[in-house]
Amino acid sequence: MRVKNFATPLLVVIGIAITFALSYYGLVNAYYLQIAQYVGIYTIMVLGINLVNGYLGIFSLGHAGIMAVGAYTSGLLSKYVLTDPALFPLCILLGATAALISGFVISIPSFKVRGDYLAIITLGFTLILKSLLQNMEFVGGARGLRNIPGNTNIMWVFIWLVIAIAAVRLFINSKYGRSTMAIREDEIAAELVSVNIKKTKIVVFGFSAFLIGVSGGLLSHLLSYTNPNTFGYAMIAEGLIMVYLGGMASISGSFLGAALWTLLVEILRPLGVWRWIVGAVLLIIIMIFRPSGLLGGRELNIGAFLRQITRRDSAKAALEVANGGK
Amino acid sequence: MGVLLQQAVNLLQLGSIYALLAIGFSMVYGIVGLVNFAHGDIFMVATYLLFFLATWLFSMTSSSFAVLLASTALAAAAIGLLAMIIERVAYKPLRGAPKVSLVVTSLAVGLLLQHLVLEFLGPNSQRVPRMVPDIKFTVGTVNFEFYQILIILFALFIMLLLNQFIRRTRTGVAMRAVSQDATAASLMGISKDFIISVAFVIGAAIATVGASLYGMAYPIFDPYIGQMINWWSFTAAVLGGIGNIRGAVLGGFLLAAVMVISPMVLPVSSYRDIVAFSVLILVLLVKPSGLLGKRSIQKV
């Protein structure tokens, strides 16, 4: 047991060391590194979406708008105010805090409005924000924000990813996590056993928005620019696809969904337009055979998987002994 | 005064088109409970089909009115069939699955249609051939065109036809029964699969008519046209109360009113989308199930 408690922090430290080496010494092809960073950033985003859409069970389309808040706030800060690269984590943190506030705002309609009606309110939030950004000249208007310092590297993506995964795990296993899932299963029943519905919704929306804001900030500092169109229909659709591909209400599913979709899009790149056709067909097939995503509601647990296999073997052996003994 | 009347005609024209598109959204939702995000892309495919049919028919006859009617009818039949095939292949295996997986599947179907068109027909904008004689009317100070009248009347005709179909025919009664209570309806001997297919076919056919009318007013189109149409018709359907066909019509006209009036009042026309969605959010905050939607009772 002691070894196990020790193993996770050790792995994290080793991971940080490896990613530090990767980002400062150029050991790996930059293209692969770029894809790895995309996977990490999208995993953080999908974790955030999963908190609301998966664990809380509310169909929200607000993630593109929230991501825009994170990307623009942190981008503006690191371009004009906190220009020192050492202050990069602070920029991301402040961008995510701005996103957190927008998450609080989105959570207010969810007290009263339900289902598809709430989905369209969150969609409205995204589209209003996109329109505002297109019309505000000081953030670059429709041309977008250019020359953001490209501070994102694989080490920072890794660190934020570890923080995000740890935070979501802690949250899900806490009192709030249990309240969240109780609301998903049955809101009225949850209220009857004195779950504070409003407070829980505010906290979950805020936390989700914070993570999505972090991913937005990292993305804008990876690409060195950001524009309103990045956070439009395509981002809404891709975010949903990654969540439901990997599996609802699952941390490992979030990673799997982000990694599979990003890799799929990259591997199929030589096919040109056909990659979207192949990707869409694959998605339809996966949805037909696994309607709640690849890891819906479960976690990928190698230890438990091995135990299950050995148990099956021992059960089989016991059965053979019993048959042989007859 | 003249300006107001002029804008009223514009409002009716735009509202008719939005209403036709929102009907398809609402009808499928009422029967299956699916938010069909492929609806806009079906509209886009219909526009392309209409374009090719009209071009082909013009090579045989010069009567533009015959071309309009024939191409719309042929395209509506073909797109109805396409919608039925999509339903059978992609949505039917998901009966009983969580609703969100249906939504994701419909997103994927939309993506698929859009990129198939992109691959085979290219990303360039096209122009629908003119099928309506170019006649302008002037009443007092108001100028309006023949196609505007045609759009409004044609849409009205389709809506009345649909209303009669749903109220009077056996299939229409069966559709209402399924949307009220699918289990009870199937116990009364109604084939749920058949009714779902009918809803998809009618929704797609009406979207095709909408595409035909849209092409008269806004002849330029490209493979990305579906996305915008998708969100606007979804908005109209939700505004009126999704699942309710009359609500969809009301939502369509209301959305058109916001789109037409806000540039008149506001200094910058690019704030139109912001106003449209703000109105939508306000309406939903006051009436959480849309204007004509039934308030659902939550049972434990």
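The values are calculated or read from the model by the stated rules, or taken from the named source; none is laboratory data. Here the structure is a predicted model, which is why all the values come from computation and not from measurement. Positions of Cβ are backbone-derived with ideal geometry, glycine not excepted, and every protein chain shown enters the neighbour counts.
Annotations
- Inside region A:73-127, residues that are within 8 Å of another protein chain (Cβ to nearest Cβ), over 16 Å from residue A:56 (Cβ atoms) and not in a helix (DSSP H, G or I) make up a count of 0.
- The number of residues in region A:138-182 being in contact with a Gly (Cβ under 7 Å, 6 or more places away or on another chain) and under 19 Å from residue A:202 (Cβ atoms) comes to 1.
- Within region B:280-300, the set of residues being at pLDDT below 85 and outside any loop (DSSP other than H, G, I, E, B) comprises B:280 only.
- When each of A:86, A:96, A:68 is tested for being surrounded by fewer than 24 Cβ atoms within 10 Å (Cβ to Cβ) and aliphatic (A, V, I, L, M), the lone residue that passes is A:86.
- Hits in region B:65-109 - residues which are farther than 19 Å from residue B:38 by Cβ and crowded, with 16+ Cβ neighbours inside 10 Å: B:67, B:68, B:70, B:71, B:72, B:74
- The listed residues are B:46, B:22, and the only one of them that is within 14 Å of another protein chain (Cβ to nearest Cβ), of a type in the set (A, V, I, L, M, F, W, C) and assigned to a helix (DSSP H, G or I) turns out to be B:22.
- Residue match in region B:177-191 (condition: hydroxyl-bearing (Ser, Thr, Tyr) and surrounded by 16 or more Cβ atoms within 10 Å (Cβ to Cβ)): yes
- Some residue of region B:199-209 being touching an Asp or Glu at 6+ places or on another chain (Cβ under 6 Å) and buried (at least 24 other Cβ atoms within 10 Å of the Cβ): yes
- Condition check for residue B:222: within 12 Å of chain A (Cβ to nearest Cβ) and among the acidic types (Asp, Glu): no
- Filter pass, residue A:131 being under 17 Å from residue A:208 (Cα atoms) and either among the hydroxyl-bearing types (Ser, Thr, Tyr) or crowded, with 22+ Cβ neighbours inside 10 Å (or both): no
- Of everything listed in (1) more than 16 Å from residue B:226 (Cβ to Cβ); (2) in contact (Cβ under 8 Å) with a residue 40 or more places away in the chain, the single unmet condition for residue B:107 is (1).
- Of the helices (runs of 4 or more DSSP H) lying entirely inside region A:137-250, the ones with 2 or more residues being touching a residue at least 40 places away in the same chain (Cβ under 8 Å) and surrounded by 17 or more Cβ atoms within 10 Å (Cβ to Cβ) are found at A:154-172, A:175-185, A:197-223, A:233-246.
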